[in-house]
Amino acid sequence: MKTSGASSRIGIKPARDAANSSALVSRISVSLQPSVLAELDHMVESSGYGSRSQAISDMVNYQLVEHKRKLGNDVMVGTLTLLYDRLTRGLQKKLADLQHAHIDEVISSLHVHLTHNQIMEVVLLQGPAKLVQDIANEMIAQRGVITGHLQLMAAIIPPVHAASNDSSSLRNPV
């Protein structure tokens with residue numbers, strides 16, 4: 001397929017995924033400049049991808065997640081990793097209070113003492129992307145937080161317990 005200038009055409013054709021013969025995948029063709037293709041091949045090799053398709057699929061999935069995150073409406077799951085100074089007066093209480101204030105979105109947290117005064121905390125969050133981003137921003141902005149990073153994924157955590165309208169399910173059988 002030939003293209004001219006910045007315009008390009010993408011052809012789509014159903015194909016079977018070699019790793020999972022029962023799953024259909026769509027085959028597309030993409031036109032790239034030789035220098036971009038060379039960089040892609042180098043990335044594929046140095047990153048340990050089995051093929052260009054795997055690398056491109058990861059890139060597309062990443063961009064789709066970023067798009068959903070920017071829209072802010074989809075429920076997403078993510079981790080917020082914080083590095084903070086434990087000697088900053090009131091910081092640990094403030095971070096705990098923020099987590100409690102957002103108890104519906106904060107699933108779990110873990111903190112690890114790295115040095116005498118530095119703690120790494122990883123907070124597992126789930127909720128609408130915009131809300132999760134706002135919670136992360138509020139925690140990262142606290143005085144004493146050295147750095148923070150939110151990583152969102154287009155997935156959700158399944159409920160631990162199914163909701164039940166039957167009040168008898170709350171009683172322990174004797």
Checklist outcome for this item: Those residues of the stretch 115-125 that are surrounded by fewer than 19 Cβ atoms within 10 Å (Cβ to Cβ) and more than 12 Å from residue 82 (Cα to Cα) come to a total of 3
Item to check | Every residue from the stretch 80-125 that is within 21 Å of the chain's Cα centre (by Cα), of a type in the set (Gly, Ala, Ser) and farther than 14 Å from residue 150 by Cβ | outcome: 108
Checklist entry - Under 6 Å by Cβ, and 6 or more places apart or on different chains, what pairs join a residue from the stretch 23-42 that is among the aromatic types (Phe, Trp, Tyr) with one that is surrounded by 13 or more Cβ atoms within 10 Å (Cβ to Cβ) and assigned to a loop (DSSP other than H, G, I, E, B)? => result none
Checklist outcome for this item: Exception for residue 110 within (1) open to solvent by less than 60 Å² (accessible area, probe 1.4 Å); (2) in a strand (DSSP E or B); (3) not acidic (Asp, Glu) falls at (1)
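Filter the stretch 61-84 for residues that are in a helix (DSSP H, G or I) and of a type in the set (A, V, I, L, M) and give the result.
Going residue by residue through the stretch 61-84, those that are in a helix (DSSP H, G or I) are 61-71.
64, 65, 71, listed by residue number.
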Checklist outcome for this item: The residue that is nearest to residue 153 (Cα to Cα), considering only those in the stretch 11-60 that are modelled with pLDDT under 80 and either of a type in the set (Asp, Glu) or outside any loop (DSSP other than H, G, I, E, B) (or both), is 17
Checklist outcome for this item: Taking the stretch 90-111 and keeping only residues that are farther than 18 Å from residue 140 by Cβ and free of Cβ contacts under 8 Å to residues at least 12 places away in the same chain, one is left with 103
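Name the residue that is surrounded by the fewest Cβ atoms within 10 Å (Cβ to Cβ), counting only residues in the stretch 138-162 that are part of a loop (DSSP other than H, G, I, E, B) and at pLDDT 90 or above. Show your work before the answer.
Of the stretch 138-162, the ones part of a loop (DSSP other than H, G, I, E, B) are 141-144, 154-162.
Cutting the leftovers down to at pLDDT 90 or above gives us 141-144.
Details: 141: 9, 142: 16, 143: 11, 144: 17.
Per the stated criteria, the residue is 141.
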Checklist entry - Which of the residues that make up the stretch 63-79 are open to solvent by 60 Å² or more (accessible area, probe 1.4 Å), among the polar types (S, T, N, Q) and either in contact (Cβ under 8 Å) with a residue 24 or more places away in the chain or under 24 Å from residue 146 (Cα atoms) (or both)? => result 73
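The values are calculated or read from the model by the stated rules, or taken from the named source; none is laboratory data. These numbers come from a predicted model, not from an experiment. Cβ atoms come from the backbone with ideal geometry, glycine included; neighbour counts cover every protein chain shown. With ligands, DNA and RNA removed, areas are computed over all heavy atoms of the protein, side chains included. Shrake-Rupley method; radii C 1.70, N 1.55, O 1.52, S 1.80 Å.
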